[in-house]
Amino acid sequence: TTLVQTQLKDAATAAPTLIPPGLPGYKTDYQGPSFDAEKARALLRSVYPDTALVPPIVFTYPTALLSRSEANALCSMWSSVLNISVKPLPVELNAYTDELSQHQIQLGFIQWYALYPDPHNWLAPNLLSNAPHNESRWQNQTFDQLITEAEQANGETRFALYQQAEQLALEEVAILPLDHETISAIIPPWVHGITLNARGLYVADWSQVYLSPH
């Protein structure tokens, strides 16, 4: 929330979930893992009792997708909470994509636009053990099984399975969601029949859209 308020000026929605608002399977009542700075420091000390021995951490980000001020703000938050050094490294988009595909990014940033409005496209392509876009190489057999079961289910049962898979990925921080992008549109009063979904997109029948004299 702090990042969305200070850096994005509330132009996006803070993301406690991977599945964005307005999509089937979105959990309206899920707040995400709670912020607990002391627990985070304790977990770090369980691996590095002396945090001075934590290896250098570099946050590499594509300059075309993330601003310098946002990257610096993220690094500052991580550094101040964990008492470690996290250094930002801006990279041109094509070079970043190459490094990401070769798993050379230690801590990075991705922007995901689903190809179709379904929870499957927000979870499976990035997080299945054998997924082509699983850049972090996170693997969890329970997650894989939940996705497989969801692919074979229908209705609310299907969405519930995707929600279980999503919560597992969030709890293990397979991906740390930052924000859900919002889209604004100016629709003149003489344009009729357009309704926008929660993502700010028009996905209905264009044959129902018409213009009145003006």
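Read-outs throughout are calculated quantities, based only on the coordinates presented, and are distinct from any laboratory measurement. These numbers were taken from a predicted model, which means no experiment stands behind them. We place every Cβ from the backbone using ideal geometry, glycine too, and count neighbours over all the protein chains shown.
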| field | Value of D in µm² per second that Stokes-Einstein yields for the chain, Kirkwood Rh from Cα pairs, at 37 °C (0.692 mPa s) | value | 167 µm²/s
| remark: In degrees rounded to 10, the 0-90 angle between helix 37-47 Cα long axis and the longest Cα principal axis of the chain is 50 degrees
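What dipole magnitude, in Debye to the nearest 20, does segment 2-182 give about its Cα centre under +1 on Lys/Arg Cβ and -1 on Asp/Glu Cβ?
Details: 9 positive and 20 negative charges, 97 e Å.
Dipole size: approximately 460 debye.
Sort segment 94-144 into rounded, prolate or oblate with this rule: let a ≥ b ≥ c be the square roots of the eigenvalues of the Cα gyration tensor; rounded if a/c is under 1.5, and if a/c is not under 1.5, prolate when a/b is larger than b/c, oblate otherwise. Intermediate values should be presented prior to the final figure.
Working: a/c = 2.61, a/b = 1.33, b/c = 1.96.
Here segment 94-144 falls in the oblate category.
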| request: Rank Tyr96, Gln31, Ser69 by how far each Cα sits towards the positive end of the charge dipole of the chain (+1 on Lys, Arg Cβ; -1 on Asp, Glu Cβ) and give me just the farthest. | output: Ser69
| message | Among Tyr162, Asn140, Gly22, whose Cα projects farthest towards the positive end of the dipole of the chain, with charges put on the beta-carbon of Lys, Arg (+1) and Asp, Glu (-1)? | response | Gly22
| query | Working out 0.36 nm times the residue gap between Lys39 and Thr142, then minus their Cα-Cα distance, what length gain in nm do you get to one decimal? | reply | 34.6 nm
| Ranking of Val91, Val47 by count of other Cβ atoms within 10 Å, fewest first | Val47, Val91
| remark: Along segment 118-131, Karplus-curve 3J(HN,Hα) (6.51, -1.76, 1.60; θ = phi - 60°) to the nearest Hz, with x for Gly and Pro, reads 8, x, 4, 7, 9, 10, 5, x, 9, 10, 4, 4, 9, 5
| query | Using a Gaussian network model of the chain with C-alpha springs under 10 Å, which one of Thr13, Thr97, Thr195 is most mobile by mean-square fluctuation? | reply | Thr195
| query | Taking the Cα-to-Cβ direction at Ala95 and at Val47 and moving 7 Å from each Cα, how far apart do the two end points lie in nm? | reply | 2.7 nm
